[in-house]
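Reading through the C-alpha cells given below for one structure.
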Amino acid sequence: MRAFYHPDQALHTPLQYMRFGSVVTPKDLPERTERLLGALARHAIAPEAPADFGLEPVTAVHTPDYVDFLATAWDRWQDLPPERGPEVWPATFPYWSGRPEQKARPPCPATGFLGQLGWYLGDLSVPVGPHLWQSARRSADTALAGAQAVLDGAALAYALCRPSGHHARADRASGFCYLNNTAIAAQHLRQRFGRVAILDVDAHHGDGTQQIFYSRPDVLTVSVHADPDNYYPFYTGYSAERGHGPGLGANLNLPLPHGSETLAMLDALGHASGHIRAFGADALVVALGYDAHRDDPIGALALEAADFEAIGAAVGDLRLPTLVVQEGGYAIEAIGDCLDAFLVGVRPD
C-alpha cells in the first residue's frame with residue numbers, strides 16, 4: 001500500500017471554534033496527523049510527499065471565485081482595522097435556496113471582503129489563518145497523489161489529508177473543511193475509470209461531497225453517518241436524498257441512530273457494498289473518519305477502535321482499486337488505534 005502526506009499540512013493551527021455558543025479550542029489540531037503517522041510507521045508504511053498538482057484539479061470541483069477567495073483571504077484580512085480578530089472569521093451568513101439543480105451559487109454579489117466572508121465560509125468552524133491556504137493546497141495534493149497512484153495501477157492507496165474535506169461544497173467551506181479532497185480525488189480518477197464510487201464512513205454526513213456530485217450519474221456517493229436530526233450538518237444526510245436529474249439514484253444516505261455500535265455499522269456497510277456493486281463501480285474512494293469512535297468529543301456513535309478492522313475488511317471485500325482519504329476523528333488517544341485496525345482489515349495479508 002502506498003501512502004501520502006505533506007508536512008505543510010501541519011502548518012494550519014486554527015485558534016477559534018464556536019460550540020454551544022462559546023468560543024472553544026478547535027478540535028482539528030496538528031497532533032491528529034502525528035498519531036496517524038505513528039500508526040503508519042507501526043505498519044512499516046512510509047508516506048511519500050505529494051507533488052504539486054496545481055490548481056486545475058481543484059477548480060475541476062470548486063468554483064474559481066471560491067478558490068481565489070481562499071487563496072487571498074488572509075492577506076485581505078490584514079487590510080481591516082487593527083481590532084480585527086486573530087483569524088478570518090465571518091459574522092454574516094446569507095440565505096441559500098437549497099435548490100438541487102443549482103450546481104453552485106453565482107460569484108458573491110458583494111465585492112467587499114466582509115460580505116464575502118459569510119458567502120464563502122459556511123459556519124464558525126472554518127477560520128482562516130496565515131497558513132490555511134498552504135495546508136489546504138497540500139491536503140488536496142495529498143489526495144491527488146493517492147488518486148494518481150491508483151491511476152498508475154496501485155490496488156490501494158492512503159491519503160493522510162488534513163484539513164479534511166468532505167463538508168466543503170463547490171463554493172463554500174464548512175465543518176473544518178476547505179477543499180473537498182475526496183471529491184477532487186474522485187474527479188481525478190474519472191480520467192481512467194468510467195464509474196467511481198465514494199463510500200463516506202464518518203460520524204458526520206459528507207454534505208459537500210453529496211452536493212458536488214448530486215446531479216452526476218458517473219459518481220456514486222454513499223454516506224454512512226449519524227442521523228443528522230439534531231447533529232451536524234443538520235440539513236442534509238437524510239435517506240430521501242437520492243440525487244437529482246441525471247444523478248437520481250446515484251446518492252445513498254444511510255443515517256444511523258445516535259449511539260449505534262458495531263452491528264448497526266456493519267449492517268449499513270453491507271447495504272452500501274451491495275449498492276456499490278450494483279452501480280458497477282470501476283474504482284472506489286473511501287472517505288474515512290474516526291469520529292464514529294465512542295470517545296470522540298464531537299461524535300454521536302459508539303464504535304470501538306477494533307471495529308475499524310471490520311470496516312477495513314468491508315472495503316477490501318469490494319475488490320476495487322481503492323483510495324482511502326482521511327477525514328475526521330478527534331479523539332487523539334484513539335485515532336491511531338482506529339487506523340491500525342482499519343489497515344489490518346483492509347490488508348489481511
*Grab the other residues whose beta carbon is less than 14 angstrom from that of Pro47, score K and R as +1, D and E as -1, and report the net.*
+1
*Do any chymotrypsin sites (Phe, Trp or Tyr not before Pro) in region 66-149 lie in a DSSP loop with no more than 11 other beta carbon atoms within 10 Å, and if so, which?*
Tyr95
*5 angstrom amide H check on Val286, placed H, neighbours 5+ away*: Leu199, Leu323, Val324, Val325
*Could you size up the charge dipole of region 36-174 around its Cα centre, putting +1 on the beta carbon of Lys and Arg and -1 on that of Asp and Glu, and report it in debye to the nearest 20?*
360
*Can you give the calculated 222 nm mean residue ellipticity of the chain, where each DSSP H run of n ≥ 4 adds -39,500 (n - 2.57) and the sum is split over every residue, rounded to the nearest 500 deg cm²/dmol?*
-10500 deg cm²/dmol
*asked:* Which of Ala145, Ala155, Ala240 ends up with the largest GNM mean-square fluctuation for the chain, with Cα atoms connected below 10 Å?
replied: Ala240
*Taking 7 Å along the Cα-to-C-beta vector as the label spot, tell me the Phe20-His258 distance in nanometres, rounded to one decimal.*
1.2
*Out of Tyr290, Tyr238, Tyr158, any idea which swings most in a Gaussian network model of the chain, alpha carbons joined below 10 Å?*
Tyr238
*So which chymotrypsin sites (Phe, Trp or Tyr not before Pro) in region 1-42 are both in a DSSP loop and have at most 15 other Cβ atoms within 10 Å of their Cβ?*
Phe20
*Local electrostatic count at Pro228 - Lys and Arg +1, Asp and Glu -1, tallied over other residues with Cβ under 11 Å*: -4
*Scan region 14-95 for GluC sites (Glu not before Pro) in coil per DSSP, keeping those whose Cβ has at most 12 other Cβ atoms within 10 Å, and list them by number.*
Glu83
*Residues with amide H under 5 Å from that of Ala3, placed H, sequence gap 5 or more*: Glu48, Tyr158
*asked:* To check you understand DSSP bridge types, tell me what percent of the beta bridges within the chain (both residues inside) are antiparallel, rounded to 5.
replied: 15
*When P(r) over Cα pairs in 20 Å bins from 0, in percent is calculated directly from the model, which label among (i) 31, 61, 8, 0; (ii) 29, 56, 15, 0; (iii) 34, 60, 6 fits?*
(iii)
*Proximal charge balance of Gln210 [Cβ under 10 Å; K/R count +1, D/E count -1]*: -2
*J(HN,Hα) series, region 35-47, from Karplus relation 6.51 cos²θ - 1.76 cosθ + 1.60, nearest Hz, glycine and proline x*: 5, 6, 4, x, 5, 4, 4, 5, 9, 6, 10, 9, x
*Along the three principal axes, how long is region 21-134 when you take its alpha carbons, biggest first, rounded to the nearest angstrom?*
51, 37, 27
*Determine Rg/Rh for region 144-216; Rg is computed over alpha-carbon atoms and Rh is the Kirkwood hydrodynamic estimate from the same atoms.*
0.96
*Using Cα atoms only, what is the angle between the long axis of helix 64-77 and the major principal axis of the chain, expressed in degrees (0 to 90) to the nearest 10?*
50
*Please give the FRET efficiency for Asp75 paired with Ile45, using the beta carbon to beta carbon distance and R0 = 30 Å, rounded to the nearest 0.05.*
0.20
_Helix 307-317 vs. the chain, principal-axis angle (Cα, 0 to 90°, nearest 10)_ = 70
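Coordinate-derived values only; no laboratory data. What you are looking at is a predicted structure, and each value in this text was computed from that prediction instead of being measured. Cβ: placed from backbone, ideal geometry, glycine included. Neighbour counts: every protein chain shown.
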